[in-house]
Structures are given as C-alpha cells and as structure tokens.
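Asker: I am attaching a structure below and will ask some questions about it afterwards.
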Amino acid sequence: MYKFIFIACSAMLLSYVLARPQDQRAAGAGVTTTTTAATIVKQDNVNNADGSFNSSYETSNGIRVENIGYLKKIIIPKTETSDGQVIDEHEELVLVQTGSYSYSDPEGNIITLRYVADENGFQPEGDHLPVAPQ
C-alpha cells in the first residue's frame, strides 16, 4: 500500500515539475523574446583549391556573419619534450580565420565582433567587450 502511495506521489510531483514554465526568471523579469523564424536573405560560399575560403550570410532579422580562411606556413622552433626527445625546427600549415558577426541587442544597438584565429589563438575585438588593464 505504501509503495502505491509513494509511486502516485512521485508521479504527481514529476508531472508538476514538467508542467511548470521553463524559465521562471524570464517570466517575472520582463524579458521579451521573439519566436519569429529568421530566414537567410543573402549567402555566399567560396571554397578554393588552395584551401582558402570565404563565406558570409545575412538573415532577415539583421544578423550578419563573414568568415575568411586560408592556410599559412609557420616555423615551429626546435623543442625538447619532457622525456628528452628533441623535435627539430620544421614548417607546419595552420588555418588562419578572420571574420566578424553583428546583430541587434534587445535595446536595438548593433553589436559587432571582429576576430582573428591563428597560431596565436582566438583574438576577438568589439566595442562591447571589456578591455584588459594595461
């Protein structure tokens, strides 16, 4: 008898949890969201035989994305691993990508992020990003 009551109570609790609104904070904070689907209004993709590429698209809700990539030869200096193995200086190909994306924030401001990703890592720039102290 107790097992049946336990299972029934557990099922009622589970159905209550699943039936509640998904984001209680958004419902009370006055955050508005849109469910209108965006469509792609412009799109370009170019893939070259040398490995370089250029792609971009723009959506009906104002999002713009551009990405340019190419292969770059870099020199890896002579190194020694922790177990004493020596790796001589050599060339390697790395993919370099530059690009940007922009969108409108909820207040209608255009947010733009520009970036470079290369052998030095991902390097974003944008007026909305915090600046490290000098």
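Asker: Which whole-angstrom value gives the distance between the alpha carbon centres of the range 32-107 and the range 115-134?
Answerer: One Cα centre to the other: 14 Å.
Asker: What value does the range 72-131 have for Rg/Rh, both radii from Cα atoms and Rh as Kirkwood defines it?
Answerer: Expressed as Rg/Rh, it is 1.26.
Asker: Taking the Cα centre of the range 33-125 as origin, sum charge times position over the Cβ atoms of Lys and Arg (+1) and Asp and Glu (-1), and report the length of that vector in debye to the nearest 20.
Answerer: Here the size comes out at about 440 debye.
Asker: Among VAL94, VAL41, rank each residue by its count of other Cβ atoms within 10 Å, from fewest to most, as a rough exposure measure.
Answerer: If I rank by nearby Cβ atoms, fewest first, I get VAL41, VAL94.
Asker: Now for a different question. Relative to the Cα centre, what is the charge dipole magnitude of the range 32-86, using +1 at the beta carbon of each Lys and Arg, -1 at the beta carbon of each Asp and Glu, and rounding to the nearest 20 debye?
Answerer: Numbers: 5 positive and 6 negative charges, 23 e Å.
Magnitude of the dipole: close to 120 debye.
Asker: Can I ask one more? Would any residue of the range 97-111 have its amide N under 15 Å from a label point 7 Å out along Cα→Cβ of ARG64? List them or say none.
Answerer: Output list for this probe position: 99-105, 109-111.
Asker: I'd like the per residue volume of the convex hull spanned by the Cα atoms of the range 43-85, given in cubic angstrom.
Answerer: About 122 Å³ per residue, rounded to a whole number.
Asker: Could you calculate the FRET efficiency of ILE75 with THR36 from 1/(1 + (r/R0)^6), where r is the beta carbon distance between them and R0 is 41 Å, rounded to 0.05?
Answerer: Calculated value: 0.20.
Asker: Average projected area of the Cα convex hull of the range 33-125, in nm²? Mind showing how you got there, number by number?
Answerer: Numbers: hull surface 37.8 nm².
Over every viewing direction, the Cα hull of the range 33-125 projects on average to 9.4 nm².
Where a number appears in this text, it was derived from the coordinates with a stated rule and is not lab data. Values in this document were obtained by computation on a predicted structure and should not be read as measured data. Reconstructed Cβ throughout: ideal geometry from the backbone, glycine too, with neighbour counts over all protein chains shown.
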